[in-house]
Amino acid sequence: MQKEENRNAFFVNSDLEKFVLKISSNSAENYFLLDYFLQKSVSKPIAINSKIIAQFSNHMGLLFLEEEEIGNVCFAASNELRSEYRQSFRLLDVLDYIYAFADSSIYKKTKKIILPPDAASFWNLVEIVNNIRKTEE
């Protein structure tokens, strides 16, 4: 059982690294530093830089939802919805994307988190991290 889990983790990490390398080779000029994303605030211990969120939104052509929709919103925010049909993203999605980058060799060398060139690239990394989270639960 442990051997199979290790093998699955290797393939997940390999996929993650492959996608990060692809993103970094396509759009290395659009990036931010983690310290710029997480800012100290007077009212909160840590605040999220809204300019970075706006860059994600503009770059991918997706709407940022500050809070999760409550109730039945016709499947729009469901995890089961295929990524090419998603029209919005949440903070958790951005954090998953950042986690994917922070775990890559590119980040360890440059300390840069590169903005995704398109929504599909963003959702690929988010999905990989979602799968990692599910296996760790």
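In straight-distance terms, cross-link reach from LYS18 covers every one of the lysines whose alpha-carbon lies under 27 Å from its own, apart from those fewer than eight places away in the same chain; here that gives LYS3, LYS108, LYS109, LYS111, LYS112, LYS134. Accessible area per residue was computed with a 1.4 Å probe on protein heavy atoms; TYR99 scores about 110 Å². In terms of accessible area, using a 1.4 Å probe and ignoring ligands and nucleic acids, GLU66, GLU17, GLU29 rank largest first as GLU66, GLU29, GLU17. Ranking of LYS22, LYS112 by solvent-accessible surface, largest first: LYS22, LYS112 (1.4 Å probe, protein heavy atoms only, all chains present).
Taking all protein chains as they are arranged and a probe of 1.4 Å, the heavy atoms of SER41 leave approximately 40 Å² accessible to solvent. Here segment 115-137 and segment 15-58 have alpha carbon centers that stand 14 Å from each other.
The values are calculated or read from the model by the stated rules, or taken from the named source; none is laboratory data. Nothing here was measured: the structure is a model prediction, and the numbers come from that model. SASA here: full protein model, heavy atoms, side chains in, ligands and nucleic acids out. Shrake-Rupley method; radii C 1.70, N 1.55, O 1.52, S 1.80 Å.
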